[in-house]
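Asker: Below is a structure I'd like to ask you about.
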Amino acid sequence: MHELSMADAIVKTVLDAAEKNQAEEILEVTIEVGKLTMLNPEQLKFLLDVLTEDTLLESADIIIEEIPVEIKCNSCSYTGSTNLDDSDHYLLIVKCPECGERDLEVISGRECNVKNIKIEKSE
Ligand SMILES: [Zn+2]
């Protein structure tokens, strides 16, 4: 399952960072999830809740920020956001909203990063 491996990777990244910084507690974690990752944020959140049980992350606030899709069209030079309707979303077809071409570069929307971690340090 896509979400599960992602959630697992996120938890490992955060716990790793927390350990390196001698965190006593993790207060808040912000995760950026691009729309093109096809991750379902609710499912991801649910899995994170499950995976963080009995870890430093157990009581942390997990914030998921969805990153919209931005493209650059090679046909008409349009740059900006594009809407993915639900059917396109799962087929991963991204079209230029200006000219309808598919010859484009995806600038954002593919990321799945841990953006920010707030920790409580021991003295
Ligand atoms: Zn175009």
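The values are calculated or read from the model by the stated rules, or taken from the named source; none is laboratory data. For clarity, every value in this text was computed on a predicted model and none was experimentally measured. Glycine also receives a Cβ, built like all others from the backbone with ideal geometry; neighbour counts cover every protein chain displayed. Note: accessible area is taken over every heavy atom of the protein model, side chains too, but ligands, DNA and RNA are not part of it. Shrake-Rupley method; radii C 1.70, N 1.55, O 1.52, S 1.80 Å.
Asker: Report Rg/Rh for the chain, rounded to two decimals, where Rg is the Cα radius of gyration and Rh the Kirkwood radius.
Answerer: Taking Rh as the inverse mean 1/r over Cα pairs, Rg/Rh reads 1.10.
Asker: OK, next. Take residue 74 and residue 120, extend 7 Å from each Cα along the Cα→Cβ direction, and tell me the distance between the two endpoints in nm.
Answerer: Result: 5.2 nm between the two label points.
Asker: Can you tell me the length gained on complete extension of the stretch residue 9 to residue 64, counting 0.36 nm per residue apart and subtracting the Cα distance?
Answerer: 18.3 nm
Asker: Let me ask another. For the chain, what does the helix formula give at 222 nm: sum of -39500 (n - 2.57) over DSSP H segments with n ≥ 4, over the residue count, nearest 500 deg cm²/dmol?
Answerer: Mean residue ellipticity at 222 nm (helix-derived): -9000 deg cm²/dmol.
Asker: If I compute solvent accessible area with a 1.4 Å probe over the protein chains, what percent of it on the chain is carbon and sulfur?
Answerer: Here carbon and sulfur together make up 44 percent of the probe-accessible area.
Asker: Continuing with this model, one more query. Take peptides 39-48, 14-23, 97-106 and line them up by average Cβ neighbours within 10 Å, highest first, as a rough protection proxy.
Answerer: Taking the mean over residues of other Cβ atoms within 10 Å, the ranking is 39-48, 14-23, 97-106.
Asker: Still on this structure: Can you tell me the 0 to 90 degree angle between the C-alpha axis of helix 41-51 and the longest principal axis of the chain, rounded to 10?
Answerer: Helix 41-51 sits at roughly 20 degrees to that axis.
Asker: While we're looking at this one, here's another question. Using 0.36 nm per residue, how much length does the chain from residue 105 to residue 83 gain when fully extended, once their Cα-Cα distance is taken away?
Answerer: Roughly 6.4 nm would be gained on extension.
Asker: If you don't mind, another one. Could you work out which residue, out of 34, 80, 109, moves most in a Gaussian network model of the chain, that is, has the largest mean-square fluctuation with Cα springs under 10 Å?
Answerer: Of 34, 80, 109, the Gaussian network model singles out 80 as fluctuating most.
Asker: Given charges of +1 on the Cβ of Lys and Arg and -1 on the Cβ of Asp and Glu, with all other atoms neutral, how large is the dipole of the chain about its Cα centre, in debye to the nearest 20?
Answerer: Taking the Cα centre of the chain as origin, the dipole is about 520 debye.
Asker: Okay, next question. Pairs 35/72; 45/72; 45/121; 72/115; 20/45: which are spaced more than 19 Å apart, C-alpha to C-alpha?
Answerer: From the list (35/72; 45/72; 45/121; 72/115; 20/45), the Cα-Cα distance tops 19 Å for 45/72; 45/121; 72/115; 20/45.
Asker: Let me ask something additional. With every protein chain left in place, what is the accessible area per residue of the chain in square angstrom, probe 1.4 Å?
Answerer: 62
Asker: Given a Förster radius of 22 Å and the C-beta distance between residue 22 and residue 46 as r, what FRET efficiency does 1/(1 + (r/R0)^6) yield to the nearest 0.05?
Answerer: So, using R0 = 22 Å, E works out to roughly 0.15.
Asker: To the nearest 10 degrees, how steeply does helix 2-20 sit against the main Cα axis of the chain, on a 0 to 90 scale?
Answerer: On a 0 to 90 degree scale, this one is about 50.
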